[in-house]
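Enquirer: Quick one: structure below, then a few questions.
Readers should treat all values here as calculations from the given coordinates under stated rules, not as data from a laboratory. On a predicted model such as this, the values are computed, not experimentally measured, just so you know. Quick reminder, even Gly has a Cβ in these numbers, built from the backbone with ideal geometry, and neighbours come from all protein chains shown.
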Amino acid sequence: MTETDYPTSESFSRAFDPEVVRRDFPVLQQQVHGKPLVYLDNAATTQKPQAVIEGIRKFYAEDYGTVRRGVYELSARSTRMYEDAREKVASFLNAPNSQEVIFVRGTTEAINLVAFGYGRAFLKPGDEVIISAIEHHANIVPWQLACEATGATLKVIPCDDRGALIMAEYEKLLSSNTQLVAVNHVSNALGTVNPVKEIIDKAHAVGAVVLIDGAQSAPHMPVDVQALGCDFYTFSGHKIYAPTGIGVLYGKMDLLEKMAPFQSGGEMIETVTFEKTTFAKPPNKYEGGTPAIAQAIGLGYALDYVTGIGLDAIAAYEQELLEYATQRLLHDVPGLTIIGTAPEKAGLISFTLADAHPLDIGTLIDHEGIAIRTGHHCAQPVMKRFNVPATARASFAFYNTKEEVDKLVAGLHKVIEMVS
């Protein structure tokens, strides 16, 4: 099998049509509880196109070998395909150098890597780390632990009643003591799109390093790390139509070179003696052990797929879907309140229903074949800020349609009837 037999970005090129896209996703063709599946939990994880499924199958069936270790043909092929995937990620993010792309298990591991390798190595008493009030737990807890270990202080940018960050308060938090700012690009609980370019520029003005959690942005809008100027950017493969177990940390090379490695083992070393170990250069320095080879290659195919359609087209369509869903839910579902109404939002809606607990909403609407998320969305401080124990959340992808939004509205009407 040659690499030319695998899907290429050209094979994914098409005029964007959600109905055509839907045919590429086998899971969407099924029924649940006798109803056509309406999958609206894309902020949690996305479904996989046939091109990704088939690409991984072919790799395991015909090309699989270890990477960076063997001199035999299968190993050479696997290594080439693995590193090609890294190049695709670099191109996707417009990173200046593919060696600044680290493969990790997901966004959570990427943030922990930076919190350990940079935070614990360089923070000290008197230093300050800034996060926002609308973070996922994965961008809160690692910084709490880093601050506890080093004596640094954690500070929080507040949000207003719409779920938008209060930038005037952010400016007040910044000082010469600020060493690192870590914020999400898009809130997984509210859909708020944060002004990350402004956040980055203001942080750099006081000499701080900036990490952007891109788990909810990379699948839904163009990302250019050079234009943003961020020092670190993270995202997860499974949220961008790729397999689980693979994610990305982009980091500027000067930072990656001076940071401590997060996990030690084979292939991340240069030399080992019983007296001393020296480490390989990035990215190998941060990829100890046998990596998630097939998953990384699958991520490459997923990026081929979305870039073949075009992130601009995806973003425009999902924004149209968001606006339609917002209007229908607000106008046609009595007792529904949207939690998170910032002026800039990505394609997800968190909401509550009068007299219905979110868990009941999710359970009852599942019987209509509709999959949504319920709970605190790993964002308990957000729930506390808005004085709700939990919300229901519908989150959209480019394979969702207005007809599915209509089914969501109809399903919520049935929920209201059942709980009344």
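Enquirer: Which of ALA325, GLY288, THR273 sits closest to the plus end of the dipole of segment 256-370, meaning its Cα is farthest towards the positive end, when Lys and Arg get +1 and Asp and Glu get -1 on the C-beta?
Expert: Checking the options against the dipole of segment 256-370, the answer is THR273.
Enquirer: Let me ask you something else. Given a Förster radius of 25 Å and the C-beta distance between GLN263 and ASN94 as r, what FRET efficiency does 1/(1 + (r/R0)^6) yield to the nearest 0.05?
Expert: Between GLN263 and ASN94 the formula returns 0.35.
Enquirer: Quick check on the exposure proxy: order LEU359, LEU190 from fewest to most C-beta atoms within 10 angstrom.
Expert: Taking fewest neighbouring Cβ atoms as first place, the list is LEU359, LEU190.
Enquirer: What is the sum of charges, Lys and Arg at +1 and Asp and Glu at -1, for the other residues whose Cβ falls under 13 Å from the Cβ of MET259?
Expert: Taking every Cβ under 13 Å from that of MET259, the sum is +1.
Enquirer: Something else about it: What list of ³J(HN,Hα) couplings, whole Hz, do you get for segment 42-47 from phi and the Karplus terms 6.51, -1.76, 1.60, once you set θ to phi - 60° and write x for glycine and proline?
Expert: Running phi through 6.51 cos²θ - 1.76 cosθ + 1.60 with θ = phi - 60° gives 6, 6, 7, 6, 10, 7 Hz.
Enquirer: Assuming a ≥ b ≥ c are the square roots of the Cα gyration tensor eigenvalues, decide whether segment 61-308 counts as rounded (a/c under 1.5), prolate (otherwise, with a/b larger than b/c) or oblate.
Expert: Oblate, since a/c reaches 1.5 and b/c is not below a/b.
Enquirer: Further question on the same structure: Quick one: what does P(r) look like for segment 132-272 with 10 Å bins over all Cα pairs, in whole %?
Expert: Result, from short to long distances: 10, 38, 37, 12, 2, 0 percent.
Enquirer: Lys and Arg at +1, Asp and Glu at -1: add these up for the other residues within a Cβ distance under 11 Å of LYS48 and post the number. Write down the numbers at each step before the final one.
Expert: On the way: positive: none; negative: ASP24, GLU54.
So the surrounding residues net to -2.
Enquirer: For the chain, what Kirkwood radius comes out of the mean inverse Cα-Cα distance, in Å?
Expert: Across the chain, the inverse of the average 1/r is 22.4 Å.
Enquirer: Just to check I understand the Karplus step: with θ = phi - 60° and J = 6.51 cos²θ - 1.76 cosθ + 1.60, what whole-Hz values come out for segment 278-289, glycine and proline as x?
Expert: Result, rounded to whole Hz: 10, 9, 5, 6, x, x, 4, 3, 10, 10, x, x.
Enquirer: Please report the antiparallel percentage of the DSSP beta bridges confined to the chain, to the nearest 5.
Expert: Around 60 percent antiparallel, to the nearest 5.
Enquirer: Continuing with this model, one more query. Long-range amide H contacts for GLY70: which residues qualify at under 5 Å (H placed 1.01 Å from N, peptide plane, sequence gap of 5 or more or a different chain)?
Expert: For GLY70, no residues qualify.
Enquirer: Additional query: 5 Å is the cut-off here: which amide hydrogens, built 1.01 Å from N in the peptide plane, fall below it relative to ILE246, excluding neighbours closer than 5 in sequence?
Expert: GLY237, HIS238
Enquirer: Considering the options VAL388, VAL114, ILE349, tell which one lies farthest towards the positive end of the dipole of the chain, charges being +1 on Lys and Arg and -1 on Asp and Glu at the Cβ, about the Cα centre.
Expert: Value computed over the given set: VAL114.
Enquirer: Considering the chain as a Gaussian network with a 10 Å cut-off on Cα pairs, which listed residue, LEU330, LEU322, LEU311, attains the greatest mean-square fluctuation?
Expert: LEU330
Enquirer: How far is the Cα center of segment 381-420 from the Cα center of segment 38-106, in Å?
Expert: 34 Å
Enquirer: Listing CYS378, CYS159 from the residue with the fewest other Cβ atoms within 10 Å to the one with the most, what is the order?
Expert: Exposure proxy ranking, most exposed first: CYS378, CYS159.
Enquirer: Also: Top mean-square fluctuation among SER236, SER187, SER132, Gaussian network model of the chain, C-alpha springs under 10 Å?
Expert: Maximum among the listed residues: SER132.
Enquirer: Please list the helices of the chain that count as membrane-span-like by this rule: a mean Kyte-Doolittle hydropathy of at least 0.5 together with Cα atoms stretching 24 Å or more along the helix axis, each helix being a complete DSSP H run. Can you show the working numbers first?
Expert: On the way: long enough: 73-93 (30 Å, -0.66); 293-309 (25 Å, 1.13); 311-332 (31 Å, -0.22); 402-419 (26 Å, 0.18).
Helix filter hits for the chain: 293-309.
Enquirer: Can I ask one more? Work out Dmax and Rg for segment 269-416 from the C-alpha atoms and quote the Rg first, both in angstrom.
Expert: When restricted to Cα atoms, segment 269-416 yields Rg and Dmax of 21.7, 70 Å.
Enquirer: To continue, here is another question. Just need the Rg to Rh number for segment 105-199, please, alpha carbons only, Kirkwood Rh.
Expert: Value, to two decimals: 0.96.
Enquirer: Straight-line reach from LYS58: which lysines have Cα under 28 Å away, leaving out those fewer than 8 places along the same chain?
Expert: LYS48, LYS88, LYS239
Enquirer: For segment 293-340, take the alpha-carbon Rg, divide it by the Kirkwood Rh, and send me Rg/Rh.
Expert: Here Rg/Rh amounts to 1.26.
Enquirer: Further question on the same structure: Connecting C-alpha atoms closer than 10 Å in a GNM of the chain, tell me which of ARG393, ARG69, ARG86 has the biggest fluctuation.
Expert: ARG69
Enquirer: Using a cut-off of under 12 Å, list every residue of segment 102-131 whose amide N is near the label point 7 Å from the Cα of THR153 along the Cα-to-beta-carbon line.
Expert: Within reach of a label on THR153: 125-130.
Enquirer: Still on this structure, please answer the following. Placing +1 at every Lys and Arg Cβ and -1 at every Asp and Glu Cβ, with all other atoms neutral, what dipole size does the chain have around its Cα centre, in debye to the nearest 20? Could the numbers behind the result be given before it?
Expert: Values: 36 positive and 50 negative charges, 139 e Å.
With only Lys, Arg, Asp and Glu charged at Cβ, the dipole is about 660 debye.
Enquirer: Further question: Counting Lys +1, Arg +1, Asp -1, Glu -1, what net charge surrounds PHE103 among other residues with beta carbon under 14 Å of its beta carbon?
Expert: Result for the neighbourhood of PHE103: -2.
Enquirer: Right, another one. May I ask you to sort ASP63, ASP84 by Cβ crowding, counting other Cβ atoms within 10 Å and putting the fewest first?
Expert: On the way: ASP63 23, ASP84 15.
Neighbour counts put them in this order, fewest first: ASP84, ASP63.
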